[in-house]
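The values are calculated or read from the model by the stated rules, or taken from the named source; none is laboratory data. Predicted model only: the values in this text are computed from it and were never measured. Neighbour counts are summed over all protein chains in view; Cβ atoms, including those assigned to glycine, are modelled from backbone coordinates with ideal geometry.
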Amino acid sequence: MQLISTHIAMTKDMGVHGNLFGGKMLAALDEAVASFATMYCRTPNMVTLKIDEMVFKEAVKVNNQVRIYCKVVDVGNSSIRIKAEARKVSYYTEQERVVCSTIFTFVRIDEDGRPVPIADHVRKKFSTSQPIPESNL
């Protein structure tokens, strides 16, 4: 997975139990994945279509550093699926623990908001970057 962004949990983003609001985490993930999708597809015309199930496995507290990682799962005709993972990082050991992960689906759109095909070179880049299954070696 590729590191896309790093965030510091701020007091203003905490709920009454002292944990980061889930909506703040979703917003950070959506922004990071959008940035990754636009760079990968080489177009700014990408929008969020779907976010799969999100399970929060670890609390994020004030001053925790959170790193967001992404990797492409699939590239379709006009859509791309990207796995996103947020990890809480220890300042002292650099150990990372997964806070949450999910799969985002982004769609390439035209000026009217209609889906349009992702460029062929992007689809080819994805298909050639896939590891060869061991059974085919």
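Worth pointing out:
- Subset of region 1-30 (residues that are among the β-branched types (V, I, T) and part of a helix (DSSP H, G or I)): T11
- Residue within region 115-124 that is surrounded by 10 or more Cβ atoms within 10 Å (Cβ to Cβ), at pLDDT 95 or above and in a strand (DSSP E or B) present: yes
- Residues satisfying the stated conditions in region 39-56, i.e. without any contact (Cβ under 8 Å) to a residue 60 or more places away in the chain and not acidic (D, E): M39, P44, T48, L49, K50, I51, M54, V55, F56
- For region 17-30, filtered to residues that are under 20 Å from E96 (Cβ atoms) and out of contact with any Phe, Trp or Tyr (no Cβ under 8 Å at 6 or more places or on another chain), the residue that is surrounded by the most Cβ atoms within 10 Å (Cβ to Cβ) is L20.
- Residues that are more than 15 Å from T102 (Cα to Cα), aliphatic (A, V, I, L, M) and part of a strand (DSSP E or B), drawn from region 31-80: M46, V47, V66, V75
- Some residue of region 41-64 being buried (at least 19 other Cβ atoms within 10 Å of the Cβ) and among the small types (G, A, S): no
- Summed over region 1-23, the residues that are within 27 Å of R108 (Cβ to Cβ) and free of Cβ contacts under 8 Å to residues at least 12 places away in the same chain give a count of 1.
- Residue selection: R81 fails the criterion of being crowded, with 16+ Cβ neighbours inside 10 Å, within 18 Å of the chain's Cα centre (by Cα) and more than 19 Å from Q2 (Cα to Cα).
- Scoring Y91 on the criteria (1) more than 20 Å from the chain's Cα centre (by Cα); (2) assigned to a strand (DSSP E or B) leaves a single failure, condition (2).
- Any hit, region 30-38, residues being touching a residue at least 24 places away in the same chain (Cβ under 8 Å) and in contact with a helix residue (DSSP H, G or I) (Cβ under 8 Å, 6 or more places away or on another chain): no
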